[in-house]
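Colleague: Quick one: the structure is below, and I'll ask about it shortly.
The values are calculated or read from the model by the stated rules, or taken from the named source; none is laboratory data. None of these values were measured; they are calculated from a predicted model. Neighbour counts run over all protein chains shown; Cβ positions are idealised from the backbone, glycine included. All accessible areas refer to the heavy atoms of the entire protein, side chains included, with ligands and DNA or RNA removed. Shrake-Rupley method; radii C 1.70, N 1.55, O 1.52, S 1.80 Å.
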Amino acid sequence: GIRDRDVTGVQTCALPIYDENQLTNGIIGPIIVMPSGAKFDPETDKTFLFALGPQNPFGPVVLLNGLPQPTAMQLRTRTKYRFRLINISTAFGSLRVALKNNGALISWRLLKKDGADLPEAFTSQLSPADLQVSVGETYDVEFETNDPQQILLEGSNPDGRRASQVLNFTASATR
């Protein structure tokens, strides 16, 4: 459990609590650890937690923030968002997480892996918004768009089970 973890000197990361009984019964959530002096901003720090849902009658279900298809999230254009992508399932070792516009991959900027800053070679440029997030892994990515649009964040496993959330970007006031 979380009580056993030493987080001294940890960069921003999410620490999932691993208890299969809790995970498969919906008692889940990340603990976000911020560096000293940093503040979590719920307006721009968005957490997407992928987990395993009830298995009856159709077998395991991929959940995103507790639901197979959460309601659309309303976001603003011209705003940098940090998306934390976390896989705390007990069975989806090769969960693919992607960001798409009309079915086509778009781009994001990789920032962190499991709380550790990634080398500049990864963070200095945009990359296709498609990652394999294994059990227990966390990725932080940055996304910003200047155009109002509807984007789909989707997590899927090899057998085709998926969870997705629509991200609606609407025009924000000019900065």
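Colleague: Any chance region 104-124 includes a residue that's under 18 Å from Asn65 (Cα atoms) and out of contact with any helix residue (DSSP H, G or I) (no Cβ under 9 Å at 6 or more places or on another chain)?
Modeller: no
Colleague: Filter region 88-98 down to the residues that are crowded, with 23+ Cβ neighbours inside 10 Å and closer than 15 Å to Leu152 by Cβ and list them by number.
Modeller: Within region 88-98, just Val97 meets the criteria.
Colleague: Restricting to region 125-136, what's the tally of residues that are crowded, with 18+ Cβ neighbours inside 10 Å and closer than 21 Å to Val33 by Cα?
Modeller: 1
Colleague: Return a yes/no flag: does region 79-87 have any residue that is open to solvent by 60 Å² or more (accessible area, probe 1.4 Å) and in contact with a helix residue (DSSP H, G or I) (Cβ under 9 Å, 6 or more places away or on another chain).
Modeller: No: region 79-87 contains no residue that is open to solvent by 60 Å² or more (accessible area, probe 1.4 Å) and in contact with a helix residue (DSSP H, G or I) (Cβ under 9 Å, 6 or more places away or on another chain).
Colleague: Additional query: Name the one entry in Leu85, Leu75 that is farther than 23 Å from Asn157 by Cβ and not in a helix (DSSP H, G or I).
Modeller: Just one listed residue meets the conditions, Leu75.
Colleague: So if I check each of Phe122, Phe58, which one is free of Cβ contacts under 8 Å to residues at least 60 places away in the same chain, open to solvent by 70 Å² or more (accessible area, probe 1.4 Å), part of a loop (DSSP other than H, G, I, E, B) and of a type in the set (A, V, I, L, M, F, W, C)?
Modeller: Answer to the selection: Phe58.
Colleague: Read through the list (1) modelled with pLDDT of 95 or more; (2) open to solvent by less than 40 Å² (accessible area, probe 1.4 Å); (3) more than 17 Å from Phe48 (Cβ to Cβ), then give the number of the only condition that Gln149 fails.
Modeller: Failing condition for Gln149: (2).
Colleague: Shifting gears a bit: Would you check which residues across region 152-175 are open to solvent by less than 50 Å² (accessible area, probe 1.4 Å) and under 16 Å from Thr44 (Cβ atoms) and list them?
Modeller: Leu153, Leu167, Asn168, Phe169, Ser172
Colleague: Out of curiosity, is Asp117 among the acidic types (Asp, Glu) and closer than 22 Å to Ala171 by Cβ?
Modeller: So Asp117 fails the test.
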